[in-house]
Amino acid sequence: MKKVAVLLSGSGVFDGAEINEAVLTLLHISKHGADYQCFAPDMEQIQVVNHLNGEQTGEKRNVLAEAARIARGEVKPLSELDAAEFDALILPGGFGVAKNFCDFAENGADMRVNGEVLAIGKAFAEANKPAGYLCIAPVLLPHIYGEGVRVTVGNDKEVANAIEKMGGIHVECPVDDIVADDSRRLVTTPAYMLAENLVDAEQGISKLVEKVLYMAT
């Protein structure tokens with residue numbers, strides 16, 4: 001049985017992992033007969049946002065504890081993730097990626113990546129193990145794979161320009177499709193960068209999971 005490590009950046013689209021993307025990812029991994037383990041960094045969230053009104057609350061929350069809400073408690077600290085024990089890596093999106101996994105939300109193309117997240121991404125890349133990055137998560141990829149990596153966030157010009165400024169190659173892509181960088185065994189999909197509903201998001205995510213697991217064969 002193939003094993004997939006899934007990295008969660010909290011819980012909630014505005015300050016953590018995009019919950020629909022995360023659940024759809026876990027669903028499709030299971031539907032393909034693979035196993036997964038969720039991981040998250042044991043760190044304080046950069047922000048906590050009231051998802052009713054979009055305002056910051058001033059609270060302090062822990063990314064690992066919040067991710068446990070999605071994983072039904074079955075989540076481990078990112079420090080315990082050993083790439084050698086898994087066949088593939090998948091990162092759902094959400095603003096937690098742009099705030100907790102890196103500081104793209106604040107600094108754009110001048111962003112820096114969380115050290116633990118960067119090390120894990122590079123560990124899978126250097127082991128030539130397949131990976132899938134959803135939604136805004138592809139902003140991490142120039143830092144992980146280096147110049148020339150082919151990715152998509154859909155058709156967001158500002159984010160695409162930032163990715164290219166960091167050395168990546170952005171490929172426009174509809175919500176129901178994927179972009180594969182076969183030489184790097186890497187797959188990306190726009191998900192809620194473009195999706196207007198669950199059906200939109202599900203189509204691309206299902207293709208991404210299927211492709212990643214095929215690459216892990």
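The values are calculated or read from the model by the stated rules, or taken from the named source; none is laboratory data. Model, not experiment: these values are computed from the prediction. Here the Cβ is made from the backbone with ideal geometry for all residues, glycine too, and neighbour counts use every protein chain on show. The protein model used for the area step is the full one, side chains on, heavy atoms only, and it has no ligands, DNA or RNA in it. Shrake-Rupley method; radii C 1.70, N 1.55, O 1.52, S 1.80 Å.
Exceedance of the 28 Å cut-off in Cα-Cα distance is limited, within the set LYS76/LYS129; LYS31/LYS129; LYS60/LYS165, to LYS60/LYS165.
Treating cross-link reach as a plain straight distance, find the aspartates and glutamates whose alpha-carbon is under 20 Å from the alpha-carbon of LYS207, omitting any fewer than eight places away in the same chain. Within the straight-line limit of under 20 Å, LYS207 reaches these aspartates and glutamates: GLU18, GLU21, ASP35, ASP87, GLU172, ASP176, ASP177, ASP181, ASP182, GLU196. Result for the chain in a Gaussian network model with C-alpha springs under 10 Å: among ASN155, ASN20, ASN107, the largest mean-square fluctuation is at ASN107. Computed over protein heavy atoms with a 1.4 Å probe, the accessible surface of the chain works out to 44 Å² per residue.
Looking at region 4-128 alone, DSSP beta bridges between its own residues are antiparallel in about 25 percent of cases.
A 1.4 Å probe, protein heavy atoms only, puts the accessible area of THR217 near 120 Å². The calculated 222 nm mean residue ellipticity attributable to helices in the chain amounts to -9500 deg cm²/dmol, summing -39500 (n - 2.57) over DSSP H runs of n ≥ 4 and dividing by all residues. Sparsely packed loop sites in region 1-105 (the GluC sites (Glu not before Pro) outside DSSP H, G, I, E and B with at most 15 other Cβ atoms within 10 Å) comprise GLU55, GLU59, GLU74. Overall, the anisotropy analysis places region 124-193 in the oblate class: the square-rooted eigenvalues a ≥ b ≥ c of its C-alpha gyration tensor yield a/c not less than 1.5, with a/b not exceeding b/c. Cα gyration tensor of region 1-67, axes a ≥ b ≥ c as square roots of the eigenvalues: rounded (a/c below 1.5), prolate (a/b > b/c) or oblate? Oblate is the answer for region 1-67, as a/c is 1.5 or above yet b/c matches or exceeds a/b. Taken about its Cα centre, region 1-150 carries a charge dipole of roughly 380 debye when the Cβ of each Lys and Arg holds +1 and the Cβ of each Asp and Glu holds -1. Solvent-accessible area assigned to carbon and sulfur over the chain amounts to 45 percent, based on a 1.4 Å probe. Once each part is reduced to its C-alpha centroid, what is the distance from region 16-88 to region 159-173 in angstrom? The two parts, judged by their Cα centres, are 25 Å apart. In angstrom, the C-alpha Rg and Dmax of the chain are 15.4, 46. Result for the chain in a Gaussian network model with C-alpha springs under 10 Å: among LEU91, LEU198, LEU26, the largest mean-square fluctuation is at LEU198. By a 1.4 Å probe calculation restricted to protein chains, MET43 has an accessible surface near 40 Å², given to the nearest 10.
Put simply, the convex hull of the Cα atoms in region 8-108 casts, on average, a shadow of 6.8 nm². Return the percentage of antiparallel bridges among DSSP beta bridges fully within region 42-187, rounded to the nearest 5 %. If we restrict to bridges inside region 42-187, about 40 percent are antiparallel. A cut-off under 15 angstrom between Cβ atoms defines the neighbours of VAL63, and their net charge, with Lys, Arg +1 and Asp, Glu -1, is -4.
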